[in-house]
Amino acid sequence: MACSLKSGASSSVVGSSIGALQVTALTPKEFMGKSLDVSNQIGFSHLNVKPPRPISINAQASICVSKALRWWDKTLKPNMVEIHSAKELSDSLLNAGDRLVIIDFYSPGCGGCRTLHPKICQLADANPDAIFLKVNYEELKTMCHALRIHVLPFFRFYRGAEGKLCSFSCTNATIKKFKDAVGRYGTDRCSLGPAKGLDESELLALASVGQLSRNELAIDYPVKKGFGEFVLSGLDLSDSNNNLGLKERSELLMA
């Protein structure tokens with residue numbers, strides 16, 4: 001998280017005189033105690049230099065220190081992709097084919113996420129065939145709440161036609177859990193059929209909070225039995241006034 005530190009310093013010098021030069025009135029015929037003949041001089045009767053006015057100096061320094069604290073942008077690998085919307089997340093899963101997809105839910109202010117980040121980048125580098133989708137919790141809170149993300153850092157694994165494989169939270173101390181999951185699901189395997197992407201309960205939850213539209217669901221998931229027909233039947237899943245709960249909606253979709 002970018003940190004902006006601003007400090008103001010004000011110094012004021014008021015009423016201080018830089019200097020004054022005064023020459024008292026001289027008679028036309030005296031200078032340093034000696035007589036002068038100034039009969040031919042024009043308008044030189046006396047010399048009077050006024051002191052300058054007091055000078056007020058107001059100085060204000062604003063120091064802005066910008067520290068490069070965007071740790072979540074550092075050491076990213078080519079197979080690590082930042083997600084900015086539910087539609088982008090859905091499309092990324094559908095377009096991944098048979099590759100292992102790991103969704104990394106994080107927050108810029110999460111100390112555990114920051115500590116774990118370098119190791120996740122190392123694992124991404126060691127598993128170039130896997131896709132790491134990074135989801136900023138602070139940017140996509142509504143989506144994260146719909147997907148029931150309640151603890152950070154949090155990870156979900158998806159692959160091909162199998163869809164969601166597992167989900168868990170881990171920290172630097174329990175990184176073995178993450179490594180074991182990569183070892184288990186990251187091996188070469190062939191699944192029949194197209195990528196499944198998000199499961200139906202996840203899709204319904206996102207639609208219920210307006211993160212996905214029914215048209216997007218019908219277009220992106222036409223292979224799900226009855227799913228497209230149900231979405232196109234006229235029920236607006238984003239309508240908060242309908243009385244169907246998540247369980248009832250899932251049962252209807254599976255019917």
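The values are calculated or read from the model by the stated rules, or taken from the named source; none is laboratory data. Remember, it's a predicted structure, so these values are computed and weren't measured experimentally. Cβ sites come from the backbone with ideal geometry, for glycine too, and all protein chains shown count toward neighbours.
Per-structure values
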item: Within the range 66-121, tally of residues that are of a type in the set (S, T, N, Q) and more than 18 Å from Tyr137 (Cα to Cα); result: 4
item: Matching entry among Gly210, Gly193, Gly183 (being within 24 Å of the chain's Cα centre (by Cα) and of a type in the set (Gly, Ala, Ser)); result: Gly210
item: Only one of Leu93, Leu133, Leu165, Leu123 that is touching a strand residue (DSSP E or B) at 6+ places or on another chain (Cβ under 9 Å) and closer than 23 Å to Asn215 by Cα; result: Leu93
item: Single residue of Gly97, Gly111 found to be on the phi > 0 side of the Ramachandran plot and either surrounded by fewer than 18 Cβ atoms within 10 Å (Cβ to Cβ) or at pLDDT 95 or above (or both); result: Gly97
item: Flag for Ala86 being under 28 Å from Gly193 (Cβ atoms), in contact with a strand residue (DSSP E or B) (Cβ under 9 Å, 6 or more places away or on another chain) and buried (at least 19 other Cβ atoms within 10 Å of the Cβ); result: no
item: Residue list for the range 187-213, filter: surrounded by fewer than 19 Cβ atoms within 10 Å (Cβ to Cβ) and modelled with pLDDT of 75 or more; result: Thr187, Asp188, Gly193, Pro194, Asp199, Glu200, Ser201, Val209, Gly210, Ser213
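Residue-by-condition table, conditions (1) loosely packed, with under 14 Cβ neighbours inside 10 Å; (2) free of Cβ contacts under 8 Å to residues at least 24 places away in the same chain; (3) touching a Ser or Thr at 6+ places or on another chain (Cβ under 6 Å); (4) not assigned by TED's automatic domain parsing to the domain that holds Asp220:
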| site | (1), (2), (3), (4) |
| --- | --- |
| Gln122 | yes, yes, no, yes |
| Glu138 | yes, no, yes, yes |
| Arg148 | yes, no, no, yes |
| Tyr158 | no, no, no, yes |
| Lys176 | yes, yes, no, yes |
| Asp180 | yes, yes, no, yes |
